[in-house]
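See structure below.
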Amino acid sequence: MKKLLIVDDDALIRATLHTIVDWNELGYEVAGDAQNGEQALQILKKEQIDLVFTDMKMPVMDGIGLMQQINQMEKKPQIVALSGYDDFSLVRSAFKLGAFDYVLKEDICEKGITELIKKIDPVIKKEEVPLYSGKKEEEAFLKDILLGRVIPVKKGRLFEENYVLAAFEIDEFKENTVRFQSSFEEYLVKPMVNIAQQIPRIANKCVFISLSPGLYFLYIPMPEGTSPIVSETIVSLCKQLKSVWNNYMNLPVSVGISRVGRSSEDFCHCLLDTENQLKLRYLVGKGSINFYGQKGRILPEKAYERQKFYEDIIQALRDGDLVKLEEQKRILLRRLTDMEEDDARKECLHLVWFIALMMRESEDSIWSLFLGEVNYYEKIGRIADGGSLAIWTNNYISYVADYIVNTYDRNQMDLFQKARRFIMENYANPELTLGSTAAYVGLNEKYFSSCFTKEIGNTFSNFLTEIRMENARELLRTTDMKMYEISESVGYNSVEHFNRMFKKVCGVSPSVYKRQIL
């Protein structure tokens, strides 16, 4: 009889997992349950556990922290991550740490758990896992690549020829999917996938997968001799799928389409393209299609290069600091009046985009600013001259500031947004600690630690590590800095420690990661 451990701070979830299936019939004994990772570790030290179901967000020690400890053990149990629909970044981290699979808490049911156990049993018994082959296996392999479980390599039809990657994201997911909450898997994901598979080209030529209830990917092969840029045929296919979803599911879906990839080595760039193109929808509106190389659109890479020019004004908006905001507006408006009109329009679009990303970080949306959606390309493009553009920009920033001051609950949000920003601004300091951050926001260290995990959805240590690794990956992608320079730039005095942490989080060493993206 194999042994199972259930770890979740929600008593109802623990009770549900205890009783949802007949564990004995499936060959398992529930050896115990725990309310957090620390309690789970005590049980794991006493018992030989074969399978762990663990929540991602818990006090004291969360699921990621527990998995990191489990990975130090000589004999490791298989792990299934329990998550909410909006915990996908944590699930991705769990897969990087070796999780076998994940289960949405909203979708826990007898059939789903039984099928999961059938899949995991051969692995626990050390039986050989089947190789990828055929369409279903191509879908599984693409999903594994996107989740970071495996590196992109040629497999089946994947990377056999040129390709394009398209990402489809449901706009304003929480607001638009309330009616599916009884079971996202049954009432949202399955219908979305089934509808996509009814389109002949997708069914016969492409690989389509759901990565989370709100995010879907389409791998589109490009035959030899086709254009090296995104073609109207691909845009038309994405429009068709978006339209069918809208007709049958009544859901607004935006699309981000990558450059043309030529091999598995281009996949990381293509994935980053889809992420950036999806972010550009804030300048166009819900349900928009944005693709790499699209004429008349700003380039995310160029916008990021100029991000430093907007940091102070964005910070003033975040803080609701109207005095600092007026000062920064004057600086910006002087810069705009010295520019050619086309450059000034691009500058305004960059500013609006960074405001949109700031609002997204605060779990708000730029679409909340006005009753109707605004196409900023059209809006700014219609402004006649530089003087009018400066007036519009001044009024727009003031309007955003009024919205933020009047809408955001500063007492609730400030402490942890302030802590989050403090970490983002000081992650490169090796002396940054939980204690120094707690002192900065004026809270007791233990209380701050517990509240931080609940509010941010991750432990302080894991959050800091993820920020450092994200910036390390960016430096590896965009610079020729030496490894010790990158290590120091993201807060590690020791290159060896940096290498260990990078491999633990990203699955490969920094040098291997650098080779993969070149």
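Tabulated data for the structure shown
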item	result
Filter result for the condition that a residue is surrounded by 15 or more Cβ atoms within 10 Å (Cβ to Cβ) and in a loop (DSSP other than H, G, I, E, B), over ILE397, ILE383, ILE404	ILE383
Residues located in region 1-46, provided they are basic (Lys, Arg) and within 14 Å of MET58 (Cα to Cα)	ARG14
From the options GLN48, GLN35, GLN42, GLN78, residue that is over 21 Å from CYS506 (Cα atoms), of a type outside the set (Ser, Thr, Tyr) and surrounded by 15 or more Cβ atoms within 10 Å (Cβ to Cβ)	GLN35
Restricting region 81-98 to residues that are modelled with pLDDT of 80 or more and assigned to a helix (DSSP H, G or I), the residue that is surrounded by the most Cβ atoms within 10 Å (Cβ to Cβ)	ALA94
Which listed residue is in a strand (DSSP E or B), at negative phi and out of contact with any Gly (no Cβ under 9 Å at 6 or more places or on another chain), from GLU29, GLU74	GLU29
Test: GLY293 is in contact (Cβ under 8 Å) with a residue 60 or more places away in the chain and surrounded by fewer than 20 Cβ atoms within 10 Å (Cβ to Cβ)	yes
Residues of region 375-390 classified as out of contact with any Leu (no Cβ under 9 Å at 6 or more places or on another chain) and modelled with pLDDT under 90, total	4
Qualifying residue in region 242-262 (condition: within 22 Å of PRO300 (Cβ to Cβ), surrounded by fewer than 21 Cβ atoms within 10 Å (Cβ to Cβ) and touching a helix residue (DSSP H, G or I) at 6+ places or on another chain (Cβ under 6 Å))	yes
Selection within region 438-449 - surrounded by 14 or more Cβ atoms within 10 Å (Cβ to Cβ) and either touching a strand residue (DSSP E or B) at 6+ places or on another chain (Cβ under 7 Å) or among the small types (Gly, Ala, Ser) (or both)	ALA438, SER449
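This table checks each residue for (1) aliphatic (A, V, I, L, M); (2) more than 20 Å from the chain's Cα centre (by Cα); (3) assigned to a helix (DSSP H, G or I); (4) surrounded by fewer than 13 Cβ atoms within 10 Å (Cβ to Cβ).
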{"position": "SER461", "(1), (2), (3), (4)": "no, no, yes, no"}
{"position": "ARG473", "(1), (2), (3), (4)": "no, no, yes, no"}
{"position": "ARG477", "(1), (2), (3), (4)": "no, no, yes, no"}
{"position": "MET481", "(1), (2), (3), (4)": "yes, yes, no, no"}
{"position": "ARG500", "(1), (2), (3), (4)": "no, yes, yes, no"}
{"position": "VAL508", "(1), (2), (3), (4)": "yes, no, no, no"}
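The values are calculated or read from the model by the stated rules, or taken from the named source; none is laboratory data. Predicted model, so just to flag it, every value in this text is computed and none were measured. We place every Cβ from the backbone using ideal geometry, glycine too, and count neighbours over all the protein chains shown.
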